[in-house]
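Heads up: the structure comes next, in structure tokens.
Every number here is computed from the coordinates shown, using simple stated rules; none is lab data. What you see is a predicted model, and the numbers here were worked out from it, not measured in a lab.
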Amino acid sequence: MYFNQIKQPWYEKTLYPTFCGLKLLCIDGGVWRMPDTKENDIAFGKLHNDKH
């Protein structure tokens, strides 16, 4: 997984910024963008906002 490849370099190079007195040690969530094509829809599916 991508995070496993980048966590060690981040850990070694981070100056450990603080927020409200706490050290920032991780990032939660992410946004991935890709073209809205039929091929991507078939391969990855789509999110739906249906209430069914």
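Structure notes:
- Proximal aspartates and glutamates to residue 23, defined as alpha-carbon separation beneath 18 angstrom and excluding residues fewer than eight positions away on the same chain: 12
- Between residue 31 and residue 6, the contour length at 0.36 nm per residue exceeds the alpha carbon distance by 7.4 nm.
- Contour minus Cα-Cα distance for residue 49 and residue 18 (0.36 nm per residue): 7.5 nm
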